[in-house]
1. Taking residue 349 as the residue in question, decide whether it is in contact with a helix residue (DSSP H, G or I) (Cβ under 8 Å, 6 or more places away or on another chain) and surrounded by fewer than 18 Cβ atoms within 10 Å (Cβ to Cβ).
2. How many residues, within segment 308-332, are under 20 Å from residue 385 (Cβ atoms), in contact (Cβ under 8 Å) with a residue 24 or more places away in the chain and part of a loop (DSSP other than H, G, I, E, B)?
3. List every residue pair whose Cβ atoms lie under 6 Å apart, where the two residues are 6 or more positions apart in sequence or sit on different chains, the first residue falls within segment 31-47 and is on the phi > 0 side of the Ramachandran plot, and the second residue, located anywhere, is part of a strand (DSSP E or B).
4. Which number in (1) crowded, with 18+ Cβ neighbours inside 10 Å; (2) without any contact (Cβ under 8 Å) to a residue 40 or more places away in the chain; (3) assigned to a helix (DSSP H, G or I) marks the one condition that residue 183 misses?
5. Mind listing whichever residues of segment 10-36 are crowded, with 22+ Cβ neighbours inside 10 Å and over 19 Å from residue 153 (Cβ atoms)?
6. Kindly check whether there is at least one residue in segment 156-163 that is touching a strand residue (DSSP E or B) at 6+ places or on another chain (Cβ under 7 Å), buried (at least 18 other Cβ atoms within 10 Å of the Cβ) and not in a strand (DSSP E or B).
7. Is at least one residue of segment 282-295 within 19 Å of residue 20 (Cα to Cα) and either under 15 Å from the mean Cα position of the chain (by Cα) or touching a residue at least 40 places away in the same chain (Cβ under 8 Å) (or both)?
8. Quick check on segment 352-372: of everything there that is closer than 25 Å to residue 406 by Cα and touching a helix residue (DSSP H, G or I) at 6+ places or on another chain (Cβ under 8 Å), which residue is surrounded by the fewest Cβ atoms within 10 Å (Cβ to Cβ)?
């Protein structure tokens, strides 16, 4: 893509009303736009990152046997009354139409997916299965803050699994711990993200969160370095040792919750009378698990963890483009020709390239390239063309190397 064709532009300064690092950098670099507190538009660059995260999650959910659907965001009041959450969930958006009919804007989808599944479950032969979606969620955050980390409207992957008994649920739940670990590894957060024991509420003794260590976090966790799990502070009074290995020398850290999994058991099956007939023809209650990941949470957390003083630093797997091709403006037409040829060569090799073809000073282009944070910057100028090489800079390490065309294409296609 030619940068001159992007309708969005980077800003010189961060917006004065933003405190969070993720919001400051994403808005400055032209990845998101703030509509109001807790509500953001994903602009072309930001949406490319979001879609890359979505595709990674989709691949892992499909490998885990998940079947993708898309459920409505507008939920009838009656379904939420059935589970008792219409009156007890204090962050539920409630809307009424002109006829007085009331609906909820979905913050989660148990009330929708269980009646849906009930239409297709009758026998033990119909179990187990899991279904998931990527969907806008709405939660009435009274003090929306932390940029895209905590919003009133946000995109979430939520998956729901259905099982004939708790043993089958437990096996699937255990598998999903590994699936989630792979997701966070692939998006660039693996080393800093811990499976974290949290309060299970009314569902079970524990639920599990995935917490990424960063000073920008709102949660306090206690990390066991021996087995790479953690305990959320909310249960530390009852659990002052590692639930996995029993060690007591836990390390306190601040972290952001980027995902969670819950053992729901029959919490939502019972209100909707979700049952199946076993081998003897007897009715049995379906048990469930649910598994959530906030896509914006991942994106914002990557910025908090990896962003530096110069701007964003994207991991290769989720970057908006693989290469930022920076053409240094020149009266010599060969520079434009050389940049265009390299752009075409890389594009034909399947490399995603953002070509800065604008008429602007070199210093401005370099600063903006650092701000945007694409993994590899390649410079085409009179100097590089004369030498028969290109200047390639790794955004994360700052390492600069001079490479010829073949070396550059190989570098870009083997990452």
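1. Values: in contact with a helix residue (DSSP H, G or I) (Cβ under 8 Å, 6 or more places away or on another chain): yes; surrounded by fewer than 18 Cβ atoms within 10 Å (Cβ to Cβ): yes.
For residue 349, the condition - in contact with a helix residue (DSSP H, G or I) (Cβ under 8 Å, 6 or more places away or on another chain) and surrounded by fewer than 18 Cβ atoms within 10 Å (Cβ to Cβ) - is met.
2. As a first pass, look at segment 308-332 and keep what is under 20 Å from residue 385 (Cβ atoms): 323-332.
Next, from what is left, pick out any that are in contact (Cβ under 8 Å) with a residue 24 or more places away in the chain: 323-330, 332.
From what is left, the residues that are part of a loop (DSSP other than H, G, I, E, B) are 328-330, 332.
Of the residues in that region, 4 qualify.
3. none
4. (2)
5. Matches in segment 10-36: 25, 29.
6. In the first step, residues of segment 156-163 are kept if they are touching a strand residue (DSSP E or B) at 6+ places or on another chain (Cβ under 7 Å); the result is 156-163.
Next cut, buried (at least 18 other Cβ atoms within 10 Å of the Cβ) only: 156-163.
Checking which are not in a strand (DSSP E or B) leaves us with none.
No, there is no match, as no residue in segment 156-163 is touching a strand residue (DSSP E or B) at 6+ places or on another chain (Cβ under 7 Å), buried (at least 18 other Cβ atoms within 10 Å of the Cβ) and not in a strand (DSSP E or B).
7. Let us first name the residues in segment 282-295 that are within 19 Å of residue 20 (Cα to Cα), namely 294-295.
Now narrow it down to the ones that are either under 15 Å from the mean Cα position of the chain (by Cα) or touching a residue at least 40 places away in the same chain (Cβ under 8 Å) (or both): 294-295.
Yes, the conditions are met somewhere in segment 282-295.
8. 357
The values are calculated or read from the model by the stated rules, or taken from the named source; none is laboratory data. All values reported here derive from a predicted model rather than from experimental measurement. So basically every Cβ, Gly included, is an ideal-geometry build from the backbone, and we count neighbours across all protein chains shown.
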